[in-house]
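Step one of this worksheet: look at the structure below.
Bear in mind that the values in this text are calculations on the coordinates, not laboratory data. All figures in this text were calculated on a predicted structure; none of them were measured in a lab. Glycine also receives a Cβ, built like all others from the backbone with ideal geometry; neighbour counts cover every protein chain displayed.
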Amino acid sequence: MNTPYLVAHVTDLHIKAAGKLSYRMVDTAGALHRWIDTLLALPQRPDIVVITGDLVDFGAEAEYRFLGNILQRLPMPYRLLPGNHDSRSQLRAVFADHGYLFDNGDGEAPVHYAVDAGPLRLVGFDCTVPGKPGGRVDPAALPWLQATLAAAPATPTLLLLHHPPFYTGIGHMDEQGLENATALEAVVRQHPQVERVLCGHLHRHITRRFAGTIAITAPGPAHQVALDLDPQAPSRFRMEPPGYLLHWWHPQHGLVTHAAAIGEYGAAHPFFDAHGKLID
């Protein structure tokens, strides 16, 4: 059966309670609504949504409840992973109906899980460190990841992280990157069914080879981290065009990732007229 399967990947929502602006200027709730509008207007709707962390801004219960109300607009299932701005306990308390969040325990235990998504498998691997902006691969969690990946060697898999497991050249973000990424690389390299390592944190679309596969960060639906590759550049953001990623799986052609824009840009215009002639 050659049916494609679509995964929409968004990250770094930074939702505040009651729609309060982030940094006194960024309407993150409005941005999330615009992303959902964009998703629902696609000619082919995604089969599932993955959100790779920084779901809210301060990890407060009211923020998660506000987020949950917005995400009710999605007609397809969605899967969550915490980022460094999140609280595992509050996330689990508000999204208690998301059973996969409890696969590795409850309360403040890391959120590790493996779920089926059509022909794909989603493996969430929580490397956040409570109270810290950077992440860390916990050596004690690697046997779980090894066993989880080994359990389904023939199923194309998307590994979900918040912090990307590579340096990006954006100095102030690399300072709060993922520690012990080489240990993660050693595990992932043993499992060629891992089609992508999907990440957030950077608020930019960045791609790098990693452990025999491709690691990729999604852009933000609201604000983007400023692109400045001077290692001493200050920590800043810009209101660049927002975006997300759309991962198209086809059993014949594998996984293809599209960078997609958020917003309304008018109708799709034809290249050719009714007689098949190129419009000049």
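Among I262, I279, sorting on how many other beta-carbon atoms sit within 10 Å of each Cβ, with the fewest leading, yields I279, I262. Cα convex hull, segment 87-206: 115 Å³ per residue, rounded to a whole number. The antiparallel fraction among DSSP beta bridges confined to segment 5-261 stands at about 55%. Taking other Cβ atoms within 10 Å as a rough exposure proxy, V26, V137, V256 sort from fewest to most as V256, V26, V137. Around the amide H of G53, modelled in the peptide plane, lie the amide H atoms of D12, L81, all under 5 Å away and 5 or more residues distant in sequence or on another chain. Where the convex hull is taken over the Cα atoms of segment 1-128, what is its projected area averaged over directions, in nm²? About 7.9 nm², averaged over all directions.
Each Lys and Arg contributes +1 and each Asp and Glu -1, all at the Cβ; summed about the Cα centre of segment 5-261, the dipole is approximately 400 debye. Would you give the gap between the C-alpha center of segment 231-264 and the C-alpha center of segment 1-20, rounded to a whole Å? About 11 Å separates the Cα centre of segment 231-264 from the one of segment 1-20. Between F237 and A140, the simple label model (points 7 Å from Cα in the Cβ direction) yields a spacing of 3.3 nm. By the Cα gyration tensor, the chain has an equivalent ellipsoid whose semi-axes, rounded to whole angstrom, run 28, 24, 20 from largest to smallest.
The helix-only estimate of mean residue ellipticity at 222 nm for the chain, built from DSSP H runs of length n ≥ 4 each weighted as -39500 (n - 2.57), is -5000 deg cm²/dmol after division by the residue total.
Each peptide in 118-131, 183-196 receives the mean, over its residues, of other Cβ atoms within 10 Å, and ordering these scores from highest gives 118-131, 183-196.
Among the chymotrypsin sites (Phe, Trp or Tyr not before Pro) in segment 1-103, those located in a DSSP loop and surrounded by at most 12 other Cβ atoms within 10 Å of their own Cβ are Y23.
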